[in-house]
Amino acid sequence: MQNPRSTLIDLETKFWQSIVDHETDVALNLLCESAFMVSPHGAMKFDHAGYRQMADHGTMVVNSFELRDMEVVFPNDATAILSYRVKEGVTPRGQGATTEPEWNDTSTWVKTNDGWRCAMHTEAPVGAH
């Protein structure tokens, strides 16, 4: 049986892979029905339909990712917070120029009756002050 830290790292990786593979239903199964995201674009609350809209029609497409420096803390048995650095390969939808921004990310996961679900994700550019 996996330890909780490994389980959460695997789930975070699975979520990122679902983005690259355009498997929106896999991502939705890992998200709380209402979730939050905070990025340089601001804070937003979204439901599954809102996530599907972003995933299927957003302006950027994630083609690759590399996670590193993963840290996991458990404030209690039903909450996990992951912090890590990610390097993304992203392309504007319908175009071919890939960039590779690096971000400092966090994800907050909560244990539900259906398993672990991500309730909040944050991202800040590496080097931002």
Taking Cα pairs closer than 8 Å and at least 6 residues apart, the relative contact order of the chain in percent is 22 percent
Could you tell me the center-to-center distance, by alpha carbons, between region 32-62 and region 3-31 in angstrom?
15 Å
The chain: antiparallel bridges as % of DSSP beta bridges, rounded to 5, reads 90 percent
Expressed as a rounded percentage, what relative contact order does region 1-56 have, with Cα pairs under 8 Å and six or more residues apart?
27 percent
First compute the accessible area of the chain with a 1.4 Å probe, then give the percent of it belonging to carbon and sulfur atoms.
53 percent
For LEU30, LEU67, give me the order by solvent-accessible area with a 1.4 Å probe, most accessible first, ignoring ligands, DNA and RNA.
LEU67, LEU30
Among THR24, ASN63, THR122, pick out the residue whose Cα is farthest towards the positive end of the charge dipole of the chain, where Lys and Arg carry +1 and Asp and Glu carry -1 on C-beta, about the Cα centre.
THR122
Whichever lysines have a C-alpha closer than 22 Å to that of LYS45, once near sequence neighbours (fewer than 8 apart) are set aside
LYS14, LYS111
Additional length obtainable on full extension of the chain from ASP77 to THR112, 0.36 nm per residue less Cα span:
11.5 nm
Structure-based [θ]222 nm, the chain - -39500 (n - 2.57) summed over DSSP H runs of at least 4, per residue, nearest 500
-7500 deg cm²/dmol
What list of ³J(HN,Hα) values in whole Hz, one per residue of region 92-107 in order, does the Karplus curve 6.51 cos²θ - 1.76 cosθ + 1.60 (θ = phi - 60°) give from phi, with Gly and Pro shown as x?
x, 3, x, 10, x, 7, 8, 10, 10, x, 10, 10, 9, 10, 9, 9
With +1 on each Lys and Arg Cβ and -1 on each Asp and Glu Cβ, how big is the dipole of the chain about its Cα centre, in debye rounded to the nearest 20?
140 debye
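The values are calculated or read from the model by the stated rules, or taken from the named source; none is laboratory data. Here the structure is a predicted model, which is why all the values come from computation and not from measurement. Please note: Cβ atoms are built from the backbone with ideal geometry, for glycine as well, and neighbour counts cover all protein chains shown. Please note that ligands, DNA and RNA were not included when accessible areas were found on the heavy atoms of the full protein model with its side chains. Shrake-Rupley method; radii C 1.70, N 1.55, O 1.52, S 1.80 Å.
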